[in-house]
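The values are calculated or read from the model by the stated rules, or taken from the named source; none is laboratory data. From a predicted model like this one, the values you see are computed outputs, not experimental measurements. In this analysis, Cβ positions are derived from the backbone assuming ideal geometry, glycine residues included, and neighbour counts consider all displayed protein chains. Just so you know, the surface numbers come from the protein's heavy atoms only, side chains and all, with ligands and any DNA or RNA stripped out. Shrake-Rupley method; radii C 1.70, N 1.55, O 1.52, S 1.80 Å.
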Amino acid sequence: MSPTNRDRRAPCLIGVGRRTWRPQDCGPDGAPEPLDMWEEVARLADADTGHPGAIERVERVEVVYCQAWQYDDPGIRLAERLGADPRVASYSGIGGNVPQTIVSNAARDILRGDLDLALVVGGEALATKRRLSKEGRKPTWSFPPDERRPFPFDVPFHPGEVAHNIFEAWLTFALFENAHRAHLGTGLEEYRQSLGELLSPMTEVAAANPHAWFPTVRGAEEIIGPTEQNRMVGYPYSKLMTAIMDVDMAAAVLVASDATADSLGVPAERRVYLRGWGYAEDPPAVAQRADLWRSGAMEAASAAALAGAGCAVDDVAHFDLYSCFASSVEFALDALGLDPRVARSPEMGVAPERPITVTGGLAYHGGPGSNYLTHSLATMVETLRADPGAMGMVSGVGMHMNKHVFATYSTTPGPLVPPDDAVVAARGAMGQVPIVASFDGVARVATYSVIHGRDGAPESAALVCDVLPTGRDTDSAPGSGIGRCYARLDDPAALRGAETEELIGRTVQISNDGADRNTASL
C-alpha cells in the first residue's frame, strides 16, 4: 500500500506492453493487423501490472494514429476486443510527440479527479504493408471506414516549401543539422564523424534490446558511409542515419492515479510516477526560425519537465531523447545543457557516460510512425523499475522539428504541478523571420542540404537563404537580411563542393522563374 503522505491523485504508469513481429517470425501474410497488435500489447500491459484485471476497468482508451490501416472507429473496436466500457475512446493525430502528450493530458485529468485509469496504445504494420505491396497484394484487414479519410496533417507546409519540394523529414532535419554544424564552426568531415560517434552507441543499445528492429552493433564509419549499401540520402545523412518507420511493432501503457493503483492491487514497486513535463512549439516553417541551429521550444519544454520534478539535468540517470535524425538529438542535448561528448563513445566498445537512449533510437530500434514514444515510455518504465529512485527523461518531436514534449519519471513519487502551457510557450518563443516567396538578387546561404537520388548521386541542393537588401554589404552579419527565401541549387560542380566545403555564409545569386521557384547560382 502507498504511504499515507503520498498524493493519492499522483499519476503513474502501472503497466507496459510491447512486441515486435520480425519477418522471419511471421507467416506468408506477415504480421497481424494493427487491431490485433493493439489488443495483444494492451493485454501485456495489463499482465505487467503484477495484478491483471485493470484492462476491463479503463475509463479512457487512447489509440495513437496508425498509418498502416484505417479503421472506422479504432478506439471502440479495441475496447470491444478488451471487454472494456470506457467513457472515452479516442484516436490521435500524428506526430512523434503524441504518446507523451496523451499521457500528459491524462495526468492533468487524473490530478483534477476527472480520470482514474487510461490506456494508451499504438502499433504499426508498415513493414507487412510494404511487403504485401511488393507482392502485388493489399491488406484485407477488418473494419475499414466507409470512405477513406485524408491524412491528418495538421501543420500545412508553407507555399515556399511546396514550390521547392521541401517535404521529407530527412531533408528538413538535415537543414537544421547543417545550420547546427555551421554555428559550431566545425569542419564538414569532422562534424559527420562526430555524428557517427553520437549514433554508434545507440546501435549497441539496440543490439541488447530484444524488441529492436535492427539489433546490430555498428561503428561510426559504417554509419556515416557513404557506401553502396549505405547511400547518402540528404547531406549529411546516410541511410543508416535515418529513422525507419516500416516496422511491425506495437506498445501500450496504462496510466492511473496512485489510489487506483492501490485499488487494483498493483504492487508499489511496479509504479513509475510522472514527475514533470513540458510542451512547446517552434515555428512550423523551417525558414521562419530566427535561429536555425537550435530549438527555443525544446529549451522551454525540457526546463519545465525538470522544474516539475524539482531536479536538475545532472540528476537524470536515464534518457530516451527522440532520435528520428541526429539533429533532434543535438538540439535536445543543447537545450538540456549537456556536453554532447557524454553521449558519444570515441571508439567501439567504450560506453558513453550517460546513454541518450534506452531503446536504441528510431533508426535502430525502429520508429513506428507516431507511436515510437510509447515504446520509449514502456522501456523507460522497465529501466526505472530496475533502478529504483533514479530519474528518467523522455522526449518527443512532432512534425518537422516543430512540436516538442519532454517528461521526467521516477519510481519515487513527488508533488506534481502541471505546467502552465502558455508560460512555457512564451519562454520558448523565438523571433520569426518573414519568408519571401519569389526573389531575384543577392542572398546569403543560411543552411542547405544536398539531395541524393536512389543511386547515391547528388541531384540538387535545397537552400534556405537570407535575402539581402539592395546595396547591403554582403559581408554583413548572418541573419541581417530582410527575410528568407527557399531556393534550389542544381550545378553539379557546386553540389560536389557543398559536401566538402562550407556553403553556409556564402552569397549566391537568386533568380526566380515567375512561378515562385527560386534557383541559386554561386
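Residues being open to solvent by 40 Å² or more (accessible area, probe 1.4 Å) and assigned to a helix (DSSP H, G or I): count how many of those fall in segment 289-301.
Going through segment 289-301 one residue at a time, the tally reaches 1.
Tally the residues that are surrounded by fewer than 19 Cβ atoms within 10 Å (Cβ to Cβ), part of a loop (DSSP other than H, G, I, E, B) and small (Gly, Ala, Ser), restricting the search to segment 81-94.
2
Can you pull out the residues in segment 307-341 that are assigned to a loop (DSSP other than H, G, I, E, B), of a type in the set (Phe, Trp, Tyr) and touching a Ser or Thr at 6+ places or on another chain (Cβ under 6 Å)?
Start the filter on segment 307-341 by keeping residues that are assigned to a loop (DSSP other than H, G, I, E, B), which leaves 310-312, 321-325, 337-339.
Subset that is of a type in the set (Phe, Trp, Tyr): 322, 325.
The one that is assigned to a loop (DSSP other than H, G, I, E, B), of a type in the set (Phe, Trp, Tyr) and touching a Ser or Thr at 6+ places or on another chain (Cβ under 6 Å): TYR322.
Can you report the number of residues in segment 5-34 which are crowded, with 22+ Cβ neighbours inside 10 Å and either at pLDDT below 95 or in a helix (DSSP H, G or I) (or both)?
1
Could you tell me whether any residue of segment 65-80 is farther than 26 Å from GLY398 by Cβ and assigned to a loop (DSSP other than H, G, I, E, B)?
no
Is there a residue in segment 146-154 that is open to solvent by less than 70 Å² (accessible area, probe 1.4 Å) and modelled with pLDDT of 95 or more?
Step one: of segment 146-154, the residues open to solvent by less than 70 Å² (accessible area, probe 1.4 Å) are 152.
From what is left, the residues that are modelled with pLDDT of 95 or more are none.
For segment 146-154, residues open to solvent by less than 70 Å² (accessible area, probe 1.4 Å) and modelled with pLDDT of 95 or more: absent.
Any residue in segment 95-105 that is in a helix (DSSP H, G or I), over 30 Å from ASP46 (Cβ atoms) and not aromatic (Phe, Trp, Tyr)? Steps first, please.
Of the residues in segment 95-105, the ones in a helix (DSSP H, G or I) are 98-105.
Then drop every residue that is not over 30 Å from ASP46 (Cβ atoms), which leaves none.
Within segment 95-105, not a single residue is in a helix (DSSP H, G or I), over 30 Å from ASP46 (Cβ atoms) and not aromatic (Phe, Trp, Tyr).
Among the numbered criteria (1) part of a helix (DSSP H, G or I); (2) at pLDDT below 95, which single criterion is violated by VAL350?
Looking at each condition in turn, VAL350 falls short on (1).
For GLY122, are the conditions met, namely being assigned to a loop (DSSP other than H, G, I, E, B) and within 18 Å of ALA407 (Cβ to Cβ)?
In short, no.
Could you tell me whether segment 136-154 includes any residue that is out of contact with any Gly (no Cβ under 8 Å at 6 or more places or on another chain) and assigned to a helix (DSSP H, G or I)?
Applying the first criterion (out of contact with any Gly (no Cβ under 8 Å at 6 or more places or on another chain)) to segment 136-154 yields 136-151, 153.
So of that shortlist, the ones also assigned to a helix (DSSP H, G or I) come out as none.
Within segment 136-154, none of the residues are out of contact with any Gly (no Cβ under 8 Å at 6 or more places or on another chain) and assigned to a helix (DSSP H, G or I).
Within segment 299-310, is even one residue in contact with a Phe, Trp or Tyr (Cβ under 6 Å, 6 or more places away or on another chain), under 19 Å from VAL358 (Cβ atoms) and hydrophobic (A, V, I, L, M, F, W, C)? So that I can check it myself, show each step before the final result.
The first filter runs over segment 299-310 and keeps only residues in contact with a Phe, Trp or Tyr (Cβ under 6 Å, 6 or more places away or on another chain), leaving 301-302, 305.
Checking the rest, the ones that are also under 19 Å from VAL358 (Cβ atoms) come to 302, 305.
From the residues that got through so far, the ones that are hydrophobic (A, V, I, L, M, F, W, C) too are 305.
Yes, the conditions are met somewhere in segment 299-310.
Do we find a residue being modelled with pLDDT of 95 or more and either part of a loop (DSSP other than H, G, I, E, B) or open to solvent by 50 Å² or more (accessible area, probe 1.4 Å) (or both) anywhere in segment 467-484?
No, the conditions are met nowhere in segment 467-484.
Could you please find all residues in segment 360-419 being open to solvent by 20 Å² or more (accessible area, probe 1.4 Å) and hydroxyl-bearing (Ser, Thr, Tyr)?
If the condition is that a residue be open to solvent by 20 Å² or more (accessible area, probe 1.4 Å) and hydroxyl-bearing (Ser, Thr, Tyr), then THR383, THR411, THR412 are the ones that fit.
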